[in-house]
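**Q** Supplied in structure tokens, the structure appears directly below.
The values are calculated or read from the model by the stated rules, or taken from the named source; none is laboratory data. Keep in mind that what you see is a predicted model, and the values were worked out from it rather than measured. Please note: Cβ atoms are built from the backbone with ideal geometry, for glycine as well, and neighbour counts cover all protein chains shown.
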């Protein structure tokens, strides 16, 4: 029987880590304990050389209905604590050094949309719904989350979502860049599996550098860092050899977190 205790479930298979948001009693709403655990969980997966990509999804037919409102009820201090934990978790997900993909079914609302936006890519089942709802609760949406949403969908759509707290469907989400692919029927799982197999087969060196560079302004020190990584890595020689030999490459650079 499926456990009913709220939490995050993680597994790794064929180079892909899958993290499942599990809180079935409340449409996979995130509790403070779940927000707190996510960065630690991501740190472990980032350090695992067997992990080359990560999928974030929800259990059952819902991605995540946001923060557990019960954690906001007690006081302004508890609400601020919950928001701080959510921002820390969001930043940990955005800074995960390998490709990330949110696989979305059903509701992707509030904190759930915050997490999905922090992933590199978002694939959705055709009846998914998206919304950013702090205007229904009198909450100031975090600055970092607002900027990330705006960078993803543009100022007009970000304001529409934040001002109205209305939900949008997959057609508008796709059109505005909130999602990258919409899958009909029960095609989400097979498409996510297919695409993450592709991600896991590509050069993680290329992906990690591109992810950092695409995230915003960089520095000469970071460009030098990645040039040194490329020089030391066997990936380029392997990629060229595989191309010339008309075979699939076997990339071996796994990446490490560092302080440089």
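**Q** Name the residues in the range 12-33 that are over 19 Å from residue 105 (Cα atoms) and either surrounded by fewer than 18 Cβ atoms within 10 Å (Cβ to Cβ) or over 16 Å from the mean Cα position of the chain (by Cα) (or both), would you?
**A** Those that are over 19 Å from residue 105 (Cα atoms) and either surrounded by fewer than 18 Cβ atoms within 10 Å (Cβ to Cβ) or over 16 Å from the mean Cα position of the chain (by Cα) (or both): 12, 13, 14, 15, 31, 32, 33.
**Q** Residues of the range 203-218 being surrounded by fewer than 17 Cβ atoms within 10 Å (Cβ to Cβ) and either assigned by TED's automatic domain parsing to the domain that holds residue 15 or not in a helix (DSSP H, G or I) (or both), which ones? Give the steps one after another, and end with the answer.
**A** Taking the range 203-218 and keeping what is surrounded by fewer than 17 Cβ atoms within 10 Å (Cβ to Cβ), we get 210, 212-218.
Correct list: 215, 216, 217, 218.
**Q** Can you name the number of the only condition in (1) touching a helix residue (DSSP H, G or I) at 6+ places or on another chain (Cβ under 8 Å); (2) buried (at least 19 other Cβ atoms within 10 Å of the Cβ) that residue 170 fails?
**A** All conditions pass for residue 170, except number (1).
**Q** From the residues in the range 58-76 that are at pLDDT 85 or above and not in a loop (DSSP other than H, G, I, E, B), which one is farthest from residue 119 (Cα to Cα)?
**A** 67
**Q** Taking interchain pairs and intrachain pairs at least six residues apart, which have beta carbon atoms under 6 angstrom, with the first residue in the range 219-235 and in a helix (DSSP H, G or I) and the second surrounded by 15 or more Cβ atoms within 10 Å (Cβ to Cβ)?
**A** 226/209; 235/203; 235/205; 235/251; 235/253
**Q** May I pose another question? Can you confirm whether the range 238-251 contains a residue that is surrounded by 15 or more Cβ atoms within 10 Å (Cβ to Cβ) and under 18 Å from residue 98 (Cα atoms)?
**A** Scanning the range 238-251 turns up at least one residue that is surrounded by 15 or more Cβ atoms within 10 Å (Cβ to Cβ) and under 18 Å from residue 98 (Cα atoms).
**Q** crowded, with 21+ Cβ neighbours inside 10 Å and at positive phi: does that describe residue 106?
**A** When the stated conditions are applied, residue 106 does not pass them.
**Q** Considering only the range 122-157, how many residues are closer than 26 Å to residue 54 by Cα and assigned to a helix (DSSP H, G or I)?
**A** Number of matching residues: 11.
**Q** Restricting to the range 11-34, name every residue that is under 23 Å from residue 84 (Cβ atoms) and free of Cβ contacts under 8 Å to residues at least 60 places away in the same chain.
**A** Across the range 11-34, the qualifying residues are 19, 22, 23, 26, 31, 32, 33, 34.
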